[in-house]
Each structure stands twice: as structure tokens, then as C-alpha cells.
Amino acid sequence: MKGLCLVTDRGACAGRPLEEVVRLALQGGIASVQLREKDLGTRDFVTQAKALKALLGATPLIINDRVDVALACGAAGVHVGQSDMDPSDARRILGSGAIIGLSVETWEDVERAQQQPVDYLGVSPVFGTPTKTNTKGAWGLEGIARIRTFSRHPLVAIGGIHAGNVEAIVRAGAEGIAVVSAICGAEDPEAATRSLAGGIRRAQT
């Protein structure tokens with residue numbers, strides 16, 4: 001999972017419809033979207049996922065936590081946390097072609113992930129952030145660099161990321177960047193996406 005990923009949060013969209021924010025991010029060059037819905041029932045979650053998948057076209061849609069929703073809407077894959085479905089079970093259900101990401105919050109998580117059938121690690125959080133309140137401490141740039149040296153998986157960084165620090169995070173070892181409020185809460189989500197994506201490109205050249 002390279003490039004910039006928008007992780008959705010309807011509550012952070014400043015009253016705008018989620019579809020509008022995603023459409024603007026798509027115009028700004030978003031590489032993928034992760035749909036995260038903690039409060040929707042299954043039927044509404046699937047309906048929302050299908051709507052976003054139609055909007056995104058060829059841009060990958062990843063579903064947060066819910067393997068059943070990913071299956072129902074035909075998403076590109078799923079992102080699971082340490083208390084969600086085991087990645088091996090998710091892989092068995094979704095198949096070899098699905099994208100499966102796994103959040104890592106401790107070094108023990110990183111070590112266990114070496115043997116797990118996932119496509120990337122979500123390093124969470126890089127910096128402290130209001131959208132990540134149940135984690136076990138921030139990794140910082142040093143943590144990203146340490147994981148990059150050890151892990152066989154690509155790294156997607158999330159947490160406290162903005163245009164001012166995205167280049168440093170990529171240079172520390174992250175192949176991808178995931179953001180929530182930096183796009184959802186931006187006055188101009190399209191411009192915010194372009195700025196973040198530009199920072200990633202600069203750091204990778």
C-alpha cells in the first residue's frame with residue numbers, strides 16, 4: 001500500500017457528506033480509501049461501502065475491521081486491528097488477491113506480524129492524535145525506522161500526520177501514509193490531498 005490513504009471519519013467532515021470529501025480527495029490524487037465506521041449497523045455499513053466503491057472506481061477501497069462488509073461490497077481488502085479477526089482467517093475468507101493490512105501498536109505486534117499473511121503493517125500512531133485514543137503510545141520517527149529495519153512488510157504510517165511532517169515520516173521508512181483529519185477536517189480536502197501526496201512524492205525521489 002503505497003501513497004496516500006484517506007481513512008474516513010464522518011464526524012470529522014465538518015458537516016459535509018462523506019461522499020463529497022471522498023470525491024474531493026479522489027480529485028486530489030488519493031491512492032486508496034479505508035472506510036471506517038464504528039457506529040453503523042451492518043446493513044448501513046454495506047450500503048455506505050457500495051456507494052464509496054462506485055465513486056472510487058479503480059481506486060482501492062479497504063474496509064476497516066469488517067471482513068463480512070468487505071465481502072458484501074466487493075472491496076479490495078480489509079484492515080484489521082489486534083483485537084479483530086486474525087489475519088490468517090481473513091486471508092482464508094477473502095482469498096489470495098485481497099489486500100490485508102494489520103495495525104501494530106507494540107514491538108510484540110511487529111514481531112508476530114512477521115509470520116502473518118498480511119500485505120502491509122499500519123504503524124499506529126506515529127504521533128499522538130485525538131483520533132487514536134486507545135493506543136499504547138506513539139512510535140515517533142525512530143519507531144518507524146526501527147520497524148523498517150526489522151519487518152518484511154511495507155509500512156503505512158498513521159496518527160498525527162500533516163503536510164509539515166509527512167516527508168520526514170516517509171524518509172524514516174514508511175511506504176504509505178494514512179490520514180483522517182488532515183483531509184476530512186480540511187477546509188479544502190482536494191488541496192490538502194494534493195499537498196500531502198506531493199510531500200510523499202518528494203520524499204520518495
Long-range neighbours under 9 Å by Cβ, at least six apart or interchain, first residue under 21 Å from V33 (Cβ atoms) and surrounded by fewer than 15 Cβ atoms within 10 Å (Cβ to Cβ) within region 66-93, second at pLDDT 95 or above and basic (K, R): G74/K50; G74/K53
Hey, L24 in contact (Cβ under 8 Å) with a residue 40 or more places away in the chain and either aliphatic (A, V, I, L, M) or exposed (fewer than 14 other Cβ atoms within 10 Å of the Cβ) (or both) or not: yes
Lone unmet requirement of (1) within 24 Å of G185 (Cα to Cα); (2) part of a helix (DSSP H, G or I); (3) out of contact with any helix residue (DSSP H, G or I) (no Cβ under 9 Å at 6 or more places or on another chain) for V22: (3)
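With the condition kept exactly as written, say whether any residue in region 42-62 is among the hydroxyl-bearing types (S, T, Y) and outside any helix (DSSP H, G or I).
Within region 42-62, the subset among the hydroxyl-bearing types (S, T, Y) is 42, 47, 59.
Going one step further and asking which of them are outside any helix (DSSP H, G or I), we end up with 59.
Yes, region 42-62 contains at least one residue that is among the hydroxyl-bearing types (S, T, Y) and outside any helix (DSSP H, G or I).
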Top-ranked residue of region 32-45 - restricted to ones that are surrounded by 20 or more Cβ atoms within 10 Å (Cβ to Cβ) and among the aliphatic types (A, V, I, L, M), ranked as nearest to the chain's Cα centre (by Cα): V33
Index of the failed condition, A49 passing every other in (1) more than 30 Å from E142 (Cα to Cα); (2) surrounded by fewer than 20 Cβ atoms within 10 Å (Cβ to Cβ): (2)
Any hit, region 122-145, residues being at pLDDT 95 or above, among the acidic types (D, E) and out of contact with any strand residue (DSSP E or B) (no Cβ under 7 Å at 6 or more places or on another chain): yes
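Any idea which of M1, M85 is within 28 Å of G137 (Cα to Cα), touching a Gly at 6+ places or on another chain (Cβ under 6 Å) and in a loop (DSSP other than H, G, I, E, B)?
Numbers: M85 fails: touching a Gly at 6+ places or on another chain (Cβ under 6 Å).
Within the list M1, M85, the selection yields M1.
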Any hit, region 55-64, residues being surrounded by fewer than 16 Cβ atoms within 10 Å (Cβ to Cβ) and of a type outside the set (A, V, I, L, M, F, W, C): yes
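The values are calculated or read from the model by the stated rules, or taken from the named source; none is laboratory data. Small disclaimer: the values here were computed from a predicted structure and weren't measured. Positions of Cβ are generated from backbone atoms using ideal geometry, with glycine treated the same way; all protein chains shown enter the neighbour counts.
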